[in-house]
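Accompanying notes for the structure given below.
The values are calculated or read from the model by the stated rules, or taken from the named source; none is laboratory data. Here the structure is a predicted model, which means the values were calculated and not measured. Here the Cβ positions follow ideal geometry from the backbone for every residue, glycine too, while neighbour counts run over all protein chains shown. Each accessible area value is taken on the protein alone, full model and side chains, heavy atoms only, with ligands, DNA and RNA left out. Shrake-Rupley method; radii C 1.70, N 1.55, O 1.52, S 1.80 Å.
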Amino acid sequence: ELKELIVTVLIFLPIWFVFSMVVYELRSIPSESMVPNLQVGDRVAVSKFTYGYSRYSIPLGLGKMLPEGDGRFLGGMPQRADVVVFRHPHVDKVMIKRLIGLPGDTVQVVDNKIILNGQPMAQDPQRRVRYREAREGRLFTADELIETTPEGRSYPIHILQLRNYSTTPVFKVPEGHYLFMGDNRDNSTDGRALSGHCPQNEQGVIDQAGCEPNPYGQEPSIGFVPYENLIGRADTVLFTLNFCDRYESGCPKGRVWKSLSD
C-alpha cells in the first residue's frame, strides 16, 4: 500500500504542477482587503492562460529564482476591473487586487472617489453593513457602493470612513505597468499608498516606476506593478471556509462557484 501511495503521488504531483502553471491555480484569501467580493477563507480559481506566462507563473514561487526578464510568453492584456493575482514588486509575497489604472491613465482619489483621466467613476450607494474583522475582531460599519468603470463593468466596494488613502496625489501609470486597489478601500494597502512609489515630479504627479521604495519604517506598498509580475486573473470563488458568523446581516451571498469576471 505504501508503494502504491508513493507511485500515485509521483504521478499526481507533476500533473498538478503543470496544471497549476499553465491552466488554473488555486489561491486562498488571507485578508479582508477585497471585501465584500472576497472573504477571508475563500478559495479562488486563478486563470493562468488569460494573461500568458512569465517566470512568476511557476507555482510555489519557484519562478523568482529565475533571471529577471521582460514581457510574457503568449501574453494577453488585462482589462480594467479585473481581479488580478500578482507578485509584489518590492516584497516576497503574492497579492490580489482590482485593476484600476491601465498604462497611460491618470488616477487620483478624492474623498474616496476615483478620478480616472479627469472624470469621476460612478459610485451608487447600496446599503450599510456591520461585521467583525477576522484578525482582531474589531467591529466595522461599512457603506457598500456599486462602482462602475467607464467601460461599464460594475462591482461592490466598501468604505469604512477610516479615511486611509481617501485622497491621493495624481498617479500617471507608466507604460508596461498597472495601478491596483482593494475593494475594501479603507482596509487595503495598495497602489494608493506612497511608500512603494517613486517621488512626485515637479507638478506633483507620480509618473515613474522602478525606484527604491521608501518604506517609512514599514513594509513598502506595491506601487505600480510591472506587467511581468502578473500571475493570473481571479475568475471564480470555488468554495469558502468562511462561515460568516462575523456578519450581523448574515453570510454574504454567492460564496460557492461565484464568478469574479462578469
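Computed quantities for the displayed model
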read-out	value
Test: residue in the stretch 167-185 that is without any contact (Cβ under 8 Å) to a residue 60 or more places away in the chain, open to solvent by 10 Å² or more (accessible area, probe 1.4 Å) and over 18 Å from PHE86 (Cα atoms)	yes
Residues of the stretch 1-32 satisfying the condition of being of a type in the set (Gly, Ala, Ser) and touching a helix residue (DSSP H, G or I) at 6+ places or on another chain (Cβ under 6 Å)	SER20
Members of the stretch 34-44 that are hydrophobic (A, V, I, L, M, F, W, C) and open to solvent by 10 Å² or more (accessible area, probe 1.4 Å)	VAL40
Given (1) over 18 Å from the mean Cα position of the chain (by Cα); (2) open to solvent by less than 70 Å² (accessible area, probe 1.4 Å), number of the condition SER31 does not satisfy	(1)
Total residues in the stretch 133-154, condition surrounded by 13 or more Cβ atoms within 10 Å (Cβ to Cβ) and under 30 Å from GLY210 (Cβ atoms)	3
Lone qualifier among VAL91, VAL107, VAL129 - being under 18 Å from the mean Cα position of the chain (by Cα), in a strand (DSSP E or B) and among the β-branched types (Val, Ile, Thr)	VAL107
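Let's see how each residue does on (1) open to solvent by 60 Å² or more (accessible area, probe 1.4 Å); (2) closer than 12 Å to ILE231 by Cα:
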{"position": "VAL23", "(1), (2)": "no, yes"}
{"position": "THR50", "(1), (2)": "no, yes"}
{"position": "TYR53", "(1), (2)": "no, yes"}
{"position": "GLY63", "(1), (2)": "no, yes"}
{"position": "LEU74", "(1), (2)": "yes, no"}
{"position": "GLN79", "(1), (2)": "yes, no"}
{"position": "HIS90", "(1), (2)": "yes, no"}
{"position": "LEU102", "(1), (2)": "no, no"}
{"position": "ASP105", "(1), (2)": "no, no"}
